[in-house]
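See structure below.
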Amino acid sequence: MPPDSTLRPTRRRALGLLAAGATGIAAGLHLPAIAQAPKEIRIGYQKYGTLTLLKGRGTLEARLAAQKIAVKWTEFPAGPVLLEGLNVGSIDFGTVGEAPPIFAQAAGARLVYVGHEPASPGSEAIVVPKNSTLRTLADLRGKKIALNKGSNVHFLLVRALEKAGIPYSAIQPIYLPPADARAAFERGSVDAWVIWDPFLAAAEQQLGARVLADGRNLVSNHQFYLAARSFAEKHADLNRILLEEIAKVDEWGKANPAEVSTILSAQTGLPKNVVDLAASRYAYGVKPMSAEVVREQQRIADAFHALKLIPKPIAVKDALVTPI
């Protein structure tokens, strides 16, 4: 048997070949490099919902303090502009309704779905002034209807018109952000307004707006959590932490409705009776993306393309971090 000294060069060569082979396999699999943790996570949120509650409680900041990662919160008036911020790199993570990611994906935005809240169809509605003569969805034919283009309520309007047998071309959509739409609604410049909570609750409580139809039996109205693709791919650990903290807030929110209203009222500046009504319709319980929810999103995308509301067909599955 040869002495150990004659084996060592051979062993070293073998180990070198094994290491080289492993490197080649890793390269072939495109395994992500370990990214340095960012100094801050930039989160986009809207005037209401779980992220607003998370901001108000401060638990994410406490969780990330040990890693010396700060949290920067930026409020957006609606989902489309939030995702525009995500696409241009001003935020890393945010939440929107069903339609905004479809419009953003069709425009080439590099974003990914990372989770969703349960369906909440009662949290959006088509409303009319309290003295309006409009009584049914069929009465919307030929009317001026305010909505935020590309927001979750856009699909509600599409489905409501479909149910009433009214072509989309037979109404006059007036595309306005929530604040401008409310002003137009108040002065009678539009016949109806398609809007989501808490703006919906505010219209009911403060203006006496009457619900012509809400999302029940028409749409699911999921809320989605999305991240910039680069952030999701480089920082899977931080995405996991975000979803864990969201899940904790959801659990706390379900058990503490009075405290939820107090925090959201303080965060939004809305009267407590408005927040109470909106919170009573909210659905808690963040979940990872599922094949069923992706199929629902695909049906919405296909409907928007058929109406030429988006310029090209999209495959929603292409906006997932990993295939389902």
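The values are calculated or read from the model by the stated rules, or taken from the named source; none is laboratory data. If you're wondering where the values come from, they're calculated on a predicted model, not measured in any experiment. Backbone-built Cβ (ideal geometry, glycine too); neighbour counts: all protein chains shown.
Values for this structure:
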| item | result |
| --- | --- |
| Index of the failed condition, Glu233 passing every other in (1) buried (at least 18 other Cβ atoms within 10 Å of the Cβ); (2) of a type outside the set (Ser, Thr, Tyr); (3) within 19 Å of the chain's Cα centre (by Cα) | (1) |
| Residue within the range 73-92 that is more than 16 Å from the chain's Cα centre (by Cα) and surrounded by 23 or more Cβ atoms within 10 Å (Cβ to Cβ) present | no |
| Unique match (being surrounded by fewer than 16 Cβ atoms within 10 Å (Cβ to Cβ) and either touching a residue at least 60 places away in the same chain (Cβ under 8 Å) or over 18 Å from Thr95 (Cβ atoms) (or both)) among Ala278, Ala213, Ala266, Ala209 | Ala266 |
| Scan of the range 271-324 for residues that are under 25 Å from Pro257 (Cβ atoms), charged (D, E, K, R) and either within 19 Å of the chain's Cα centre (by Cα) or not in a helix (DSSP H, G or I) (or both), ordered by number | Arg281, Lys287 |
| Residues being at positive phi and at pLDDT 95 or above - total across the range 132-186 | 2 |
| Single condition Val194 does not satisfy, out of (1) under 20 Å from the mean Cα position of the chain (by Cα); (2) within 22 Å of Gly85 (Cα to Cα); (3) at pLDDT 95 or above | (2) |
| Yes/no for Leu218 being in a loop (DSSP other than H, G, I, E, B) and over 21 Å from the mean Cα position of the chain (by Cα) | no |
| Hits in the range 159-203 (condition: surrounded by fewer than 18 Cβ atoms within 10 Å (Cβ to Cβ) and acidic (Asp, Glu)) | Glu162, Asp180, Glu186 |
| Boolean, Glu204 is closer than 30 Å to Gln36 by Cβ, among the acidic types (Asp, Glu) and in contact (Cβ under 8 Å) with a residue 12 or more places away in the chain | no |
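Quick grid of which residues meet (1) without any contact (Cβ under 8 Å) to a residue 40 or more places away in the chain; (2) in contact with a helix residue (DSSP H, G or I) (Cβ under 6 Å, 6 or more places away or on another chain); (3) at positive phi:
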| position | (1), (2), (3) |
| --- | --- |
| Val71 | yes, yes, no |
| Thr74 | yes, no, no |
| Leu86 | no, no, no |
| Glu98 | no, yes, no |
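Residues checked against (1) surrounded by 16 or more Cβ atoms within 10 Å (Cβ to Cβ); (2) in contact with a Pro (Cβ under 9 Å, 6 or more places away or on another chain); (3) closer than 30 Å to Lys254 by Cα:
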site	(1), (2), (3)
Tyr282	yes, no, yes
Val286	yes, yes, yes
Met289	yes, no, yes
Ile310	yes, no, no
Lys317	no, yes, no
